[in-house]
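Here the structure is laid out as structure tokens; the discussion comes afterwards.
The values are calculated or read from the model by the stated rules, or taken from the named source; none is laboratory data. In this text, all values refer to a predicted model and were calculated from it rather than measured experimentally. Backbone-built Cβ (ideal geometry, glycine too); neighbour counts: all protein chains shown.
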Amino acid sequence: MTAIGYHASHEQFAPSDLLEWVQLADGHGFEHALASDHFHPWSEQQGESGFVWSWLGSAMEATDLTFGTVNAPGYRYHPAIVAQAAATLREMYPERFWLSVGSGQLLNEGVTGVDWPVKSERNARLEECTDVMRRLWEGQEVTHHGRIDVEQATLYSRPETPPPVIGAALSEETAAWLAGWADGMITIATPDHEADADRVEAFRENAPEKPVYLKAQHSYDESDDAALEGAYEQWRTQCVPGTVTQELRTPDEYDELGEQITTDHVEENVRMSATLEDHVDWLETDRELDVDRIFVHNVNTNQRAFIETFGETVLPALE
């Protein structure tokens with residue numbers, strides 16, 4: 001049966017508030033959590049960006065949830081350091097931490113002054129970094145010179161089992177590519193169920209036994225108008241068509257582009273309703289894809305009402 005998780009958005013909330021939300025989610029029937037890893041938020045309106053690796057230790061100690069975070073190794077994070085951080089969490093909380101990896105966005109990785117590569121080069125760097133991390137988790141001494149450099153690195157504190165590496169995909173092409181080397185895939189669940197199904201199928205055609213996770217973008221509030229207003233305020237900069245969002249450097253640039261986004265654009269990307277039956281129906285449709293986990297992201301700021309109401313009504317309905 002598909003498990004339901006909670007998405008902890010570090011761009012939108014202070015780390016202390018997010019710690020409260022994941023504890024609340026743990027107490028209301030959510031089984032897993034996904035945490036974002038940003039240096040900058042998507043907009044000045046969001047206005048937060050805590051360091052997820054510090055926060056994860058507190059969150060895992062305070063709950064019984066499993067946790068994953070999406071990371072782009074090879075830019076602001078050296079893969080040896082990502083491997084060490086992931087291994088430490090997995091050793092302290094056996095089987096509860098997993099790592100998702102993606103090719104990244106300039107918004108976060110640009111803080112180191114990187115010359116931002118094209119997508120194909122970023123993909124090659126991602127696969128190379130993942131190979132380095134796996135070798136470290138195996139206990140090898142790693143020396144590697146390529147797109148990234150590693151010199152005589154050995155990871156001494158290791159978990160009994162390495163963290164699964166779940167590749168992030170926004171397109172069918174990336175999904176098919178991930179099937180060849182990742183331990184699983186995470187992708188976005190949107191109002192366009194056919195497109196979601198195509199990405200899942202592109203992965204499963206080549207990796208039928210590997211897990212698939214979805215991050216589902218919802219907006220639940222006390223009225224349809226409030227749900228729309230909250231989604232537009234907080235998430236419109238993530239409703240820009242195409243891949244341009246991977247190339248923008250600052251929250252101000254996102255906000256400038258976000259001024260061109262209408263509420264119609266937001267409705268095409270976020271599932272918005274004050275009616276709980278609508279959210280149940282959307283999640284039931286996701287489950288028809290036979291995915292392993294769905295992480296629900298309530299993109300507006302009304303987190304407490306969302307967690308409590310979904311825990312009391314939506315999750316039991318899905319069971």
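Key figures for this structure:
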| item | result |
| --- | --- |
| Answer from ALA317, ALA216 - the residue that is within 30 Å of TRP116 (Cα to Cα), among the small types (Gly, Ala, Ser) and at pLDDT 95 or above | ALA216 |
| Checklist (1) assigned to a strand (DSSP E or B); (2) touching a Phe, Trp or Tyr at 6+ places or on another chain (Cβ under 7 Å); (3) surrounded by fewer than 21 Cβ atoms within 10 Å (Cβ to Cβ) applied to GLN152, failing item | (2) |
| Residue within the stretch 164-172 that is in a helix (DSSP H, G or I) and not hydrophobic (A, V, I, L, M, F, W, C) present | yes |
| The stretch 271-292, subset over 11 Å from ALA189 (Cβ atoms) and in contact (Cβ under 8 Å) with a residue 60 or more places away in the chain, residue surrounded by the most Cβ atoms within 10 Å (Cβ to Cβ) | HIS279 |
| Any hit, the stretch 261-271, residues being out of contact with any helix residue (DSSP H, G or I) (no Cβ under 6 Å at 6 or more places or on another chain), at pLDDT 95 or above and of a type in the set (Asp, Glu) | no |
